[in-house]
Amino acid sequence: MSVYIDPAVAGHLRGFEMPERLGFGTVMAPVMFRAVCQDGCWSGGELVPYAPLALDPAAKVLHYAQSCFEGMKAYRTLGGGVSLFRPERNAARMAHSAERLCMPAVPESLFMEGVRTITAYCANLVPASSGESLYLRPFLIGTQPDLAVSASTSYEFYVIASPSAAYHAGHMRLWVEREDSRAAVGGTGDAKVGGNYAASLLSISRLKARGYDQSLWLNPGNRHTVDELSGMNFFAVMEGELHTPRLNGSILEGITRDSLIQLADALGYTVHERDIDIDDLLALVKSGTCSEAFACGTAAIVSPVSLLGDGEQQYELAQVPGPVAEHLRQSLLDIQEGRAEDRFGWMEAVEPVTT
Ligand SMILES: *Cc1c(COP(=O)(O)O)cnc(C)c1O
């Protein structure tokens, strides 16, 4: 398979000016990768100028939410190169999400071609300060114009890219969400789908009004063990050991979560993947046994939690940011930005293409 490069791409890249302030996911690279799937058959990939999509108003994605996505980063590494972090894990997770929504998986080779091509052509747009990155957003949508409730026969796969500043979500105040659920038992909690985010927004808007930043979601089946945040996984530190909810079908399997577990283990920490009862956790925070907590995900990497709110009660974490969170964040970022040896083989260098 070889990628078709639209002749207008070079001009769009040359005409692009990097704004002074980047923000996170706000500035879009002037090109995008796309491929289409008709009746199970994938076209070749194309790199084309960034532009609005033409979608039929009856396209299934707009009505029945056949849509899944990924979030990943290209990092500027020591010495000036550009590397992707564990991209094949994103390819595999997107295939899993697609399967859950009865969509055809984007073949791993096509997914990799998409993220490599846009990164190669946008290599100059990967910002260089520590914490900054080119954020990549691959997504897949069902486009068949037909209001019948059935899986679409046509799909489009895109990768867009956003040169981004460091994502600061530090000192998060979490609200223990005891009413709503973001995902259902047997539902789509372990798939990266927009619908899960839509289901989380009302909770977030309610808690923002009360001075909190994020919901801490409980398991939708038992309503008393901790699952995760809306877009990040959760860790607690108790007497120097790490505790994180075990994968239970309603938690999204974060690649940062998995990387931190491997890294923590290699750094000599004990990591427990287990059910964490929310009332036990709150009591341990209160007694000081749980001294730190943090959330993790591609965007923010590791963000410390300062407070857990449950109804009228507030439970403050003793160490914000705690030493364990700081150690893990720095160790992971050192690998991603090429300052530390890539002992796990997580980084994949991309050769820049100049136009
Ligand atoms: C994307 C996501 C995460 C974090 O996954 P990473 O691969 O670490 O970025 C965690 N929870 C949810 C619900 C997510 O959508």
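The values are calculated or read from the model by the stated rules, or taken from the named source; none is laboratory data. A quick note: this is a predicted structure, and the numbers were derived from the prediction, not measured. In this analysis, Cβ positions are derived from the backbone assuming ideal geometry, glycine residues included, and neighbour counts consider all displayed protein chains.
Can you tell me which residue in the range 328-355 is surrounded by the fewest Cβ atoms within 10 Å (Cβ to Cβ), limited to those that are of a type in the set (S, T, N, Q) and farther than 25 Å from residue 237 by Cα?
Top of the filtered list is 354.
Taking the range 195-230 only, how many residues are part of a loop (DSSP other than H, G, I, E, B), away from the ligand (no atom under 11 Å from the Cβ) and among the polar types (S, T, N, Q)? I'd like the intermediate steps shown before the answer.
So in the range 195-230, the residues part of a loop (DSSP other than H, G, I, E, B) come out as 210-213, 219-224, 229-230.
Now narrow it down to the ones that are away from the ligand (no atom under 11 Å from the Cβ): 210-213, 219-224.
Then drop every residue that is not among the polar types (S, T, N, Q), which leaves 219, 222.
Count: 2.
List the number of the failed condition for residue 192; all other conditions in (1) within 12 Å of the ligand (Cβ to nearest atom); (2) basic (Lys, Arg); (3) farther than 12 Å from residue 67 by Cα hold.
(3)
Among the residues of the range 124-148, which ones are more than 21 Å from the chain's Cα centre (by Cα) and assigned to a helix (DSSP H, G or I)?
Correct list: 124 only.
The conditions are (1) surrounded by fewer than 19 Cβ atoms within 10 Å (Cβ to Cβ); (2) in contact with a Lys or Arg (Cβ under 8 Å, 6 or more places away or on another chain); (3) assigned by TED's automatic domain parsing to the domain that holds residue 237, and residue 313 fails exactly one of them. Which is it?
Failed condition: (2).
Go through (1) assigned to a loop (DSSP other than H, G, I, E, B); (2) in the same structural domain as residue 98 (by TED's automatic domain parsing); (3) of a type in the set (Gly, Ala, Ser) one by one and return the number of the condition residue 162 breaks.
Tallying (1) assigned to a loop (DSSP other than H, G, I, E, B); (2) in the same structural domain as residue 98 (by TED's automatic domain parsing); (3) of a type in the set (Gly, Ala, Ser), residue 162 fails exactly one: (1).
For the range 52-82, which residues satisfy the criterion of being free of Cβ contacts under 8 Å to residues at least 12 places away in the same chain and either surrounded by 18 or more Cβ atoms within 10 Å (Cβ to Cβ) or among the aliphatic types (A, V, I, L, M) (or both)?
Across the range 52-82, the qualifying residues are 54, 62.
Kindly list, by first and then second residue, each pair from a residue in the range 258-279 that is closer than 16 Å to residue 295 by Cα to a residue that is among the small types (Gly, Ala, Ser), limited to pairs with Cβ atoms under 8 Å and residues at least 6 apart or on different chains.
Qualifying pairs under 8 Å: 263/331; 271/264; 276/236.
Restricting attention to the range 9-18, report how many residues are touching a strand residue (DSSP E or B) at 6+ places or on another chain (Cβ under 8 Å), exposed (fewer than 13 other Cβ atoms within 10 Å of the Cβ) and in a helix (DSSP H, G or I).
Of the residues in the range 9-18, the ones touching a strand residue (DSSP E or B) at 6+ places or on another chain (Cβ under 8 Å) are 9, 12-13, 18.
From what's left, exposed (fewer than 13 other Cβ atoms within 10 Å of the Cβ): 18.
Adding the requirement that they be in a helix (DSSP H, G or I) leaves none.
Residues flagged as touching a strand residue (DSSP E or B) at 6+ places or on another chain (Cβ under 8 Å), exposed (fewer than 13 other Cβ atoms within 10 Å of the Cβ) and in a helix (DSSP H, G or I) within the range 9-18 amount to 0.
Which residue is surrounded by the fewest Cβ atoms within 10 Å (Cβ to Cβ), if the candidates are limited to the range 290-303 and must be under 17 Å from the mean Cα position of the chain (by Cα) and in a strand (DSSP E or B)?
The qualifying residue surrounded by the fewest Cβ atoms within 10 Å (Cβ to Cβ) is 297.
How about the range 231-253: which of its residues are of a type in the set (D, E, K, R) and either over 20 Å from residue 282 (Cβ atoms) or part of a loop (DSSP other than H, G, I, E, B) (or both)?
Answer for the range 231-253, where residues must be of a type in the set (D, E, K, R) and either over 20 Å from residue 282 (Cβ atoms) or part of a loop (DSSP other than H, G, I, E, B) (or both): 239, 246, 253.
Kindly establish whether residue 272 is farther than 19 Å from residue 174 by Cα, more than 16 Å from the ligand (Cβ to nearest atom) and either outside any loop (DSSP other than H, G, I, E, B) or at pLDDT below 95 (or both). Even if it seems obvious, please write down each step before you answer.
Numbers: farther than 19 Å from residue 174 by Cα: yes; more than 16 Å from the ligand (Cβ to nearest atom): yes; either outside any loop (DSSP other than H, G, I, E, B) or at pLDDT below 95 (or both): yes.
When the stated conditions are applied, residue 272 passes them.
Taking the condition among the acidic types (Asp, Glu), buried (at least 21 other Cβ atoms within 10 Å of the Cβ) and touching a residue at least 12 places away in the same chain (Cβ under 8 Å), does residue 88 pass?
no
Can you spot a residue in the range 149-166 that is at pLDDT 95 or above, at positive phi and among the small types (Gly, Ala, Ser)?
No, every residue in the range 149-166 fails to be at pLDDT 95 or above, at positive phi and among the small types (Gly, Ala, Ser).
What is the number of the single condition among (1) closer than 29 Å to residue 100 by Cα; (2) modelled with pLDDT of 95 or more that residue 27 does not meet?
Looking at each condition in turn, residue 27 falls short on (1).
Out of everything in the range 61-89 that is away from the ligand (no atom under 14 Å from the Cβ) and part of a loop (DSSP other than H, G, I, E, B), what residue ends up being farthest from residue 341 (Cα to Cα)?
Filtering first and then ranking leaves 65.
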